[in-house]
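Chemist: Below is the structure I would like to discuss, written out as structure tokens.
Each value in this text was obtained by applying a stated rule to the coordinates, not by laboratory testing. Treat the numbers as computed from the prediction; the structure is a model and nothing was measured. Here the Cβ positions follow ideal geometry from the backbone for every residue, glycine too, while neighbour counts run over all protein chains shown.
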Amino acid sequence: MDAPDAPDALAQAILRALADAPARDGTGVSLPRLGKQLGLGASSLMRELSRMGDATLGGVPGPGWVRLVQQDDRWVVHLEAAGRALADTLPR
């Protein structure tokens, strides 16, 4: 990723997909569903999502656009407020 305010093409696609997902009382989108929608495997998604979250990687804190949590036996991606604000500015 170039900078927290400049998402790459994959990050933009993820943000758009999460923003367009039907609202389900904050349940987020399952990783397999997101991967299928974007045509990507789980490992590719996990790598990009780790850069998009709030974790510090290489001494640089992430932008906090998404949150990845494990619920029961599945991984679920949530769009955070910063991610939604950014997604609203992305070209369609």
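Chemist: For residue 13, all conditions in the list (1) more than 12 Å from the chain's Cα centre (by Cα); (2) in a helix (DSSP H, G or I); (3) of a type in the set (A, V, I, L, M, F, W, C) hold save one; what is the number of the exception?
Modeler: If we test residue 13 against (1) more than 12 Å from the chain's Cα centre (by Cα); (2) in a helix (DSSP H, G or I); (3) of a type in the set (A, V, I, L, M, F, W, C), just (1) comes out false.
Chemist: Only residues that are over 15 Å from residue 8 (Cβ atoms) and within 14 Å of the chain's Cα centre (by Cα): list them for the range 54-65, please.
Modeler: 54, 55, 64
The rows are residues; the columns are (1) buried (at least 18 other Cβ atoms within 10 Å of the Cβ); (2) on the phi > 0 side of the Ramachandran plot; (3) without any contact (Cβ under 8 Å) to a residue 40 or more places away in the chain; (4) in contact with a Cys (Cβ under 9 Å, 6 or more places away or on another chain).
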residue: 9; (1), (2), (3), (4): no, no, yes, no
residue: 14; (1), (2), (3), (4): yes, no, no, no
residue: 32; (1), (2), (3), (4): no, no, no, no
residue: 50; (1), (2), (3), (4): no, no, yes, no
residue: 57; (1), (2), (3), (4): no, no, yes, no
residue: 81; (1), (2), (3), (4): no, no, yes, no
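Chemist: For the range 62-73, how many residues are in a strand (DSSP E or B) and loosely packed, with under 12 Cβ neighbours inside 10 Å? Spell out how you get there, then give the answer.
Modeler: Step one: list which residues in the range 62-73 are in a strand (DSSP E or B), which gives 66-71.
After this cut, where a residue has to be loosely packed, with under 12 Cβ neighbours inside 10 Å as well, the list is 69-71.
Result for the range 62-73: 3.
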